[in-house]
Structures are given as C-alpha cells and as structure tokens.
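In what follows, a structure is listed as structure tokens, so that the remarks can point back to it.
The values are calculated or read from the model by the stated rules, or taken from the named source; none is laboratory data. This structure is a prediction, so every number in the text was calculated from the model and none was measured. Note that each Cβ is placed from the backbone with ideal geometry, even for glycine, and that neighbours are counted across all protein chains shown. Note: areas computed on protein heavy atoms with side chains; ligands, DNA, RNA excluded. Shrake-Rupley method; radii C 1.70, N 1.55, O 1.52, S 1.80 Å.
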Amino acid sequence: MSEYAHPEVLVSTDWVKENLGKDGIKIVEIDVDTQQYDVGHVPGAIGLNWETQLQNQVRRDIASKEEFEQMMRDVGISNDDTVILYGDNNNWFAAYGFWLFKLYGHKDVRLMNGGRNKWLNEDDKELVAERPSYAASNYTVSEVNNDLRALLPKVFEAQQGGHNLVDVRSPDEYTGKVIAPPGMSETAQRGGHIPGAANIPWSTTVQGDGTFKSLGDLKELYGSKGVDFAKPTIAYCRIGERSSHTWFVLKYLLGVKDVRNYDGSWTEYGNLIGAGIEK
Amino acid sequence: MNHQTRVYESVFEMLPTEENPSPIVRINRLNPEPDFRMYAKLEWQNPFGSVKDRAAWSLLSDLEARGELSAERGIVEPTSGNTGISLAGMASARGYKTRTIVPNKVPMEKKVMLKMAGADLDVVTDDLCPSPGMGDGSINLAKTYAKSQKSRYVMPNQYENEHNVNAHIRTTGPEIRRQTEGKITHLFTSLGTCGTVTGCATYLKEQNPDIKVYAVQPSEGHDVPGLRNVSQLDVSKLFNPDLIDEILEIDFELAYTRALELCQNEGLFAGPSSGLIFEGACQIASRDKNGFGVMIFCDSIFKYVSNMVKHIPELSEGTTPPNAK
C-alpha cells in the first residue's frame with residue numbers, strides 16, 4: 001500500500017485488528033445492505049445508515065453541515081478521532097462516507113482495504129452483534145470542502161473540455177442497455193451516459209479479495225482509457241456511491257489533484273430536460 | 001422400513017438410496033431422436049421435494065455426527081430455496097432451528113415454504129453490480145451470523161462442503177447406474193452449488209470413463225432460481241470443470257417454455273431448471289443421434305407458479321370470472 005500517492009488513508013484488516021479498542025480510534029461500518037451491520041460487525045464498530053443518516057431524503061441532498069455535526073456528536077465521534085471506515089460491496093458506501101467526512105473537513109479518516117468481505121473471510125477476525133455505546137462528543141465542523149463535490153453546473157462546464165469525465169457504472173448502464181441495475185428503485189428517464197465520459201467501471205480497480213489494485217495497474221487502467229491525470233476530473237455513477245469509490249482511487253491512490261464526485265449522477269443527469277446524452 | 005409396501009417409521013427412511021431411488025421416467029412425445037433414449041430423474045419425488053434432500057441430509061448428518069447441533073444451536077444457510085426447504089424440514093423434524101438467507105429474486109412460493117418448514121427467513125438485496133471479491137449477499141450474511149453468533153448458529157455451507165458432493169457419489173450416481181443397468185451414455189445436469197454434477201460425474205466416470213457429462217447454464221442476466229451462469233460460479237468451491245465434457249449456454253426463457261411443454265406433453269410437472277436441462281439434452285440428442293441420456297430434474301413446477309406467470313403471462317388469462325372487478 002505504501003506505493004500509493006496517499007498511503008496514510010488506507011489501512012489493512014490486520015492493522016484494524018491490532019488497533020481494536022484503542023483510544024482515539026473509531027471504526028465505522030457503512031453498508032449498501034444495512035442489515036449486515038445489525039447481524040454482525042467489527043467489535044466496537046459504529047453503524048451508520050447511508051440513506052437515513054448520510055443523506056437528507058427530503059431535500060434530496062447530502063447531510064447538511066449541521067446534520068453531520070449532530071450525527072457525529074450522537075455516535076460519539078470527536079474531531080480528533082482517527083475514523084476507520086469499512087463496508088459491504090467492496091466499500092461502496094464506506095467510500096461515500098469517506099467523501100462526506102472529507103467534505104466536512106474531518107482530519108484523519110481512513111478506509112479499511114478490502115472492506116467488510118475481506119474481514120468476514122479471514123479466520124482470525126472476529127464479528128460481534130452487540131452495538132457499542134460511546135459518550136456523546138462536541139463535534140464541530142469548521143470547514144466545508146465543496147471543491148470535492150461536482151454540482152450540475154460543474155458537470156456542464158466539464159463537457160466544454162479540459163476535464164476528464166469518468167462514468168464508473170457497468171458497461172450495460174453506460175451504453176443505455178439498462179437504466180439501472182435490476183431491482184433498483186432510483187432510476188432515470190433515459191439510458192446512456194454524459195457526452196464525453198469514459199466508461200471505467202469501479203469494479204476494475206479492485207482485485208479478487210476486494211483490495212485495491214497496485215498503483216501501476218491503476219495507472220495503466222485509467223491511462224488506457226484516456227484519463228489525463230493532470231486535468232480536473234469528475235466521477236459519476238447512478239446515485240454517487242460507486243463513484244465515491246473511484247473518487248477515492250483517483251484522488252488518494254493515484255494522486256490526481258482536482259477530483260470531484262458528482263453525487264447527483266445519472267439519477268439527476270438522466271432526467272434533465274434539454275440535456276443531450278450519448279449511448 | 002419396507003420399500004415394497006412403502007411403510008416407514010419416519011420421514012428420513014424415505015430419503016433416496018440405491019435401494020430406494022428416485023424414479024427415472026422416459027421422455028416419449030417430446031423426444032427429437034427416437035434412437036436417443038431420454039430419461040428424466042424425478043427428484044421432486046424425494047420427501048422434501050427436490051434433489052437437495054440428498055445434500056441437505058448429508059450436511060445435517062455430518063453436523064449431528066460432529067456434535068455441532070443442539071436445541072440451542074441451529075443451522076444458518078444461504079439458499080435459493082430448495083436446500084433451505086430440505087434442511088428446515090429435516091431440522092424441524094429433529095428438533096433444531098434453521099435460519100435461511102435468500103436473495104430477493106427467489107419466488108414467493110419458496111420464501112413461504114421456507115417459513116412453513118419452520119425456518120426463520122432473511123431476504124437480501126440481489127447482487128447489484130457484481131465485482132471480484134464482493135461475494136454473494138446471501139452467503140455473506142449467513143457467514144456473518146455464523147461468525148458473530150457462534151453459540152446460536154453453525155453454517156454447513158453447501159457451496160464449499162464436500163458432503164454435498166459425497167451425497168451424490170453415495171446415492172445419485174449408484175442409483176442411475178443401477179436404474180439404467182449401466183447403459184447410460186450421457187448425463188445432463190445444471191450448475192448451482194455444483195454438488196450434483198461433481199458427485200454424479202465423479203461416480204459415473206469412475207464406472208465408465210466414456211460417459212459424457214453435460215452441464216447447462218442459463219444465459220447471463222437470467223431469472224432461473226437455483227442456477228448459476230459460469231460467470232457466477234466463483235462462489236462454489238465444488239465446481240470441477242475437468243469432470244464436465246461440455247457446458248451448454250441456453251437462453252433462460254427456454255427454461256420456462258420447455259417446462260410448460262413437459263407439463264403439457266409428458267405429464268411431467270417439472271420446474272424451470274428441468275426445462276433448461278431438457279432443452280440442452282434435446283440439442284445433444286439431435287446432434288449425437290444415438291445414446292442413453294439421463295437428465296436430473298431437480299424439482300417440480302409447483303414452487304414456480306409466480307415465475308411461470310411472469311415469464312409466460314398468458315397463463316394468468318382466464319383465471320378470474322369474466323366480469324370480475
């Protein structure tokens with residue numbers, strides 16, 4: 001892991017095991033399938049729900065600064081804590097959580113490489129059903145890094161040139177053969193992709209055990225699809241969770257300076273009036 | 001126990017063995033090649049309704065023998081239905097609890113049957129965007145129960161447990177050999193956990209290396225419960241491609257239309273996986289012209305009524321009074 005541009009934001013499952021229960025370290029599980037945490041999780045891990053806690057469904061937006069602050073206070077995370085995130089589906093929503101923590105300026109947040117599945121399949125790693133309880137904190141958000149997020153005007157601007165647009169969905173979603181993975185309720189009116197976007201599925205960045213590919217392999221992957229690491233880059237998917245995974249890869253493993261996650265993603269762009277798409 | 005009079009002291013005496021095999025029945029009207037005999041092995045005749053009775057009994061017996069089960073510690077298992085139904089039925093009859101984890105796409109009939117057989121049921125979201133290392137949601141949740149609540153659950157894990165394969169080496173293979181008097185030339189199965197194909201092929205090829213083994217797989221993006229496309233097989237440690245002569249990929253919609261044809265022409269109320277196997281067998285029979293084929297018909301159509309209506313909507317026509325509102 002030391003070869004990456006920012007190796008300090010990635011920890012191994014062994015590191016997590018060695019640091020369980022230590023003061024100043026809070027482990028947080030964020031899953032796509034929220035029942036996984038309820039059945040069993042890393043000892044001491046806090047569970048956050050992406051839908052009800054990390055997002056505001058009424059505004060259709062990420063949790064506001066005040067909501068994020070209150071959530072941190074309630075679960076007992078302090079500003080000085082090292083936060084270790086992990087989750088199912090190779091860290092889809094754990095990466096979304098990472099993006100949100102960084103957006104709200106949390107200093108030390110890291111991702112457990114391989115996520116929940118790697119931990120689950122290692123014999124020396126324990127899971128427990130008991131939920132932890134930590135004293136409430138007085139967390140405060142002092143900076144908001146909106147330059148990590150792409151809102152729609154930025155996406156239009158990127159289409160004028162000088163940017164990389166990376167569509168991380170499956171090839172069938174990119175070509176418009178399907179609008180969303182089967183059974184998904186959040187969808188769009190049209191299938192296809194944002195004009196000019198390259199299709200580099202998020203899953204091509206991980207190995208068989210769910211850990212990230214080597215720096216060399218990642219460079220080759222994105223380079224072969226025409227991504228210029230010197231240019232500002234926007235990643236998107238369907239609702240912004242898989243693209244958080246790619247945002248993490250581009251910004252912290254490959255060291256691309258200006259990378260934004262377009263969390264509106266295809267469920268916003270695919271529904272716009274008057275916006276052209278490609279198939 | 002008396003297999004002649006069929007009087008049994010417990011349901012477990014009815015489980016299939018070489019002395020009490022599930023029947024094989026010849027295909028007559030739908031056989032495309034008169035010189036290619038086709039027999040279907042009707043696994044729904046097993047007491048809990050499917051081929052999975054064999055693996056389930058093998059897994060349960062092993063757990064009992066190792067002292068892993070008690071009134072307080074039951075079974076947790078991921079299932080597309082049949083293994084869970086067999087395990088739950090057997091476990092309930094022996095005083096153990098069962099928790100089954102199923103993908104959402106499993107038909108409602110199977111979900112309700114699991115509950116009727118005494119299982120607790122967890123339903124997980126289907127795989128959304130598969131990737132290496134992600135595993136299968138139902139397997140992951142079952143492993144989580146087994147790891148986080150060891151005093152309450154043990155997971156036999158049909159995808160990795162050799163007792164699944166051994167069940168077919170011990171029963172299905174010898175039954176087929178005896179029933180066909182060793183004349184079988186072609187075996188047709190599907191792929192799921194791969195216990196059936198690996199066990200039957202191991203036994204039959206030991207007896208006669210010339211026997212050809214054909215596995216059918218539904219086309220990608222399929223909707224045939226219990227089956228896996230080869231691209232989905234990394235979850236099974238029991239898949240051994242060396243034992244399979246050919247894997248036939250078949251349009252999954254044919255699973256449903258062929259199953260209906262078997263109902264309406266042969267009197268065989270076979271489920272969609274049997275329909276898919278039957279289509280594969282017909283293709284090989286038409287190609288090879290001569291042979292003695294046996295098809296493993298995993299279960300009956302009764303558990304798939306909602307799926308049949310979904311894929312053949314005209315089946316629901318005329319099922320309500322003409323003026324019903």
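Figures for the structure shown
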{"quantity": "Of residues in the stretch A:173-230 being of a type in the set (Phe, Trp, Tyr) and within 14 Å of chain B (Cβ to nearest Cβ), the one most open to solvent (accessible area, probe 1.4 Å)", "calculated": "A:TYR174"}
{"quantity": "A:PHE98 vs. criteria closer than 30 Å to B:LYS143 by Cα, within 20 Å of the chain's Cα centre (by Cα), in the same structural domain as A:ASP23 (by TED's automatic domain parsing) and among the aromatic types (Phe, Trp, Tyr)", "calculated": "yes"}
{"quantity": "Looking only at the stretch B:192-206, and only at residues there that are part of a helix (DSSP H, G or I) and out of contact with any helix residue (DSSP H, G or I) (no Cβ under 6 Å at 6 or more places or on another chain), the one that is least open to solvent (accessible area, probe 1.4 Å)", "calculated": "B:VAL197"}
{"quantity": "Residue satisfying condition, being part of a helix (DSSP H, G or I), touching a residue at least 60 places away in the same chain (Cβ under 8 Å) and within 30 Å of A:ILE239 (Cβ to Cβ), within set B:ALA93, B:ALA142", "calculated": "B:ALA142"}
{"quantity": "Residue list for the stretch A:239-256, restricted to those being modelled with pLDDT of 95 or more and open to solvent by 10 Å² or more (accessible area, probe 1.4 Å)", "calculated": "A:LYS251, A:TYR252, A:LEU254, A:GLY255"}
{"quantity": "Residues being open to solvent by 40 Å² or more (accessible area, probe 1.4 Å), at pLDDT 95 or above and hydrophobic (A, V, I, L, M, F, W, C) - total across the stretch B:109-148", "calculated": "4"}
{"quantity": "Selected residue [of a type in the set (Lys, Arg) and within 13 Å of chain A (Cβ to nearest Cβ)] from B:ARG152, B:ARG170", "calculated": "B:ARG152"}
{"quantity": "Verdict on A:GLY162 being open to solvent by less than 20 Å² (accessible area, probe 1.4 Å), touching a residue at least 24 places away in the same chain (Cβ under 8 Å), farther than 29 Å from A:LYS26 by Cβ and not assigned by TED's automatic domain parsing to the domain that holds A:THR13", "calculated": "no"}
{"quantity": "Residue tally, condition without any contact (Cβ under 8 Å) to a residue 60 or more places away in the chain and within 19 Å of the chain's Cα centre (by Cα), over the stretch A:181-196", "calculated": "2"}
{"quantity": "Every residue from the stretch A:119-156 that is assigned to a loop (DSSP other than H, G, I, E, B), open to solvent by less than 20 Å² (accessible area, probe 1.4 Å) and within 14 Å of chain B (Cβ to nearest Cβ)", "calculated": "A:LYS125, A:LEU127"}
{"quantity": "Some residue of the stretch A:107-118 being at pLDDT below 95 and open to solvent by 60 Å² or more (accessible area, probe 1.4 Å)", "calculated": "no"}
{"quantity": "Count - residues of the stretch B:59-89 that are buried (at least 24 other Cβ atoms within 10 Å of the Cβ), over 18 Å from B:ARG152 (Cα atoms) and in contact (Cβ under 8 Å) with a residue 60 or more places away in the chain", "calculated": "4"}
{"quantity": "The one condition in (1) within 26 Å of B:THR180 (Cα to Cα); (2) open to solvent by less than 20 Å² (accessible area, probe 1.4 Å) that B:ASN265 fails to fulfil", "calculated": "(2)"}
{"quantity": "Residue selected from the stretch B:274-325 under the condition farther than 29 Å from B:GLY81 by Cα and charged (D, E, K, R), by the criterion surrounded by the fewest Cβ atoms within 10 Å (Cβ to Cβ)", "calculated": "B:LYS325"}
{"quantity": "Any hit, the stretch A:67-79, residues being within 20 Å of A:PHE248 (Cβ to Cβ) and touching a Lys or Arg at 6+ places or on another chain (Cβ under 6 Å)", "calculated": "yes"}
{"quantity": "Test: residue in the stretch B:288-300 that is more than 21 Å from B:ALA201 (Cα to Cα) and either modelled with pLDDT under 95 or not in a strand (DSSP E or B) (or both)", "calculated": "yes"}
{"quantity": "Restricting the stretch A:61-103 to residues that are of a type in the set (Ser, Thr, Tyr) and surrounded by fewer than 21 Cβ atoms within 10 Å (Cβ to Cβ), the residue that is farthest from A:ASN117 (Cα to Cα)", "calculated": "A:SER64"}
{"quantity": "One residue from B:THR180, B:THR202, B:THR172 being in contact (Cβ under 8 Å) with a residue 40 or more places away in the chain and closer than 17 Å to B:TRP57 by Cβ", "calculated": "B:THR172"}
{"quantity": "Residue match in the stretch B:27-42 (condition: without any contact (Cβ under 8 Å) to a residue 12 or more places away in the chain, outside the structural domain of B:PHE297 (by TED's automatic domain parsing) and not in a helix (DSSP H, G or I))", "calculated": "no"}
{"quantity": "Helices (runs of 4 or more DSSP H) enclosed by the stretch A:1-87 - at least 1 residues per element that are of a type outside the set (A, V, I, L, M, F, W, C) and within 14 Å of another protein chain (Cβ to nearest Cβ)", "calculated": "A:13-18, A:35-39"}
{"quantity": "The lone exception for B:GLU43 - which of (1) in contact with a helix residue (DSSP H, G or I) (Cβ under 6 Å, 6 or more places away or on another chain); (2) under 21 Å from B:LEU262 (Cα atoms); (3) buried (at least 21 other Cβ atoms within 10 Å of the Cβ) it fails", "calculated": "(1)"}
{"quantity": "Residue in the stretch B:245-252 that is in a helix (DSSP H, G or I) and of a type in the set (D, E, K, R) present", "calculated": "no"}
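Residue-wise test of (1) at pLDDT 95 or above; (2) of a type outside the set (Ser, Thr, Tyr).
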{"position": "A:PRO7", "(1), (2)": "yes, yes"}
{"position": "A:SER12", "(1), (2)": "yes, no"}
{"position": "A:TRP15", "(1), (2)": "yes, yes"}
{"position": "A:LEU20", "(1), (2)": "yes, yes"}
{"position": "A:VAL28", "(1), (2)": "yes, yes"}
{"position": "A:ASP31", "(1), (2)": "no, yes"}
{"position": "A:VAL39", "(1), (2)": "yes, yes"}
{"position": "A:GLN53", "(1), (2)": "no, yes"}
